[in-house]
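Read-outs throughout are calculated quantities, based only on the coordinates presented, and are distinct from any laboratory measurement. On a predicted model such as this, the values are computed, not experimentally measured, just so you know. Neighbour counts are summed over all protein chains in view; Cβ atoms, including those assigned to glycine, are modelled from backbone coordinates with ideal geometry.
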Amino acid sequence: MGEPQDLTSILAVLLEERVDLILVGALAAVAQGAPITTHDVEVVHARTPENVARLVTALSRLNAHYRGRPASSPLPPDPIALAGPGHSLFVTDLGPLDCLGVIEGGMSYDDLLPLSLQIELDGRALRVLGLETIVRLKRASTASKDRLVVPILEETLRKSRA
């Protein structure tokens, strides 16, 4: 498994393959200045057949297989699962990658697009979920790890508005 800095390399491969995605979760907050740590990449991807095909190509390049499977019998990415609303959780050569059909409230790529902003990663456009939306989702979460990071995210959001 890769080093933490490999997380941006995962995104670079996805962008090279022209996968339509929105970075969500902690790494999206980090990209907007939040001083937190994360060990995975979480994306919501467009579930069109063409985009799922591009995503499968990227996952192949990353040597992705489903988490929780024994190393002796890895399960490759399933295009049918990736086209649905569920979560596909992968291990790649560069680190963990979560490909999410929808997130909280059933929000899909199309729903999140107007709540995202565009940043640059190695000369490529990357869509990230806006910090205000991330804060709102973390506030509503029942997971203690999400609730613990809310004050840090709120402070980052306050400073970004100042």
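Here the chain carries DSSP beta bridges of which approximately 75% are antiparallel, counting only pairs with both residues inside. GNM, the chain, Cα, under 10 Å: largest mean-square fluctuation among Leu55, Leu129, Leu75? Greatest mean-square fluctuation among the candidates belongs to Leu75. With contacts taken as Cα pairs under 8 Å at a separation of at least 6 residues, the chain carries a relative contact order of 26 percent.
Over the chain, the hull volume per residue, using the convex hull of the C-alpha atoms, is 112 Å³. Across the options Leu112, His65, Thr38, the greatest Cα extent toward the positive end of the charge dipole of the range 6-130 (unit charges at beta carbon of Lys, Arg, Asp, Glu) belongs to His65.
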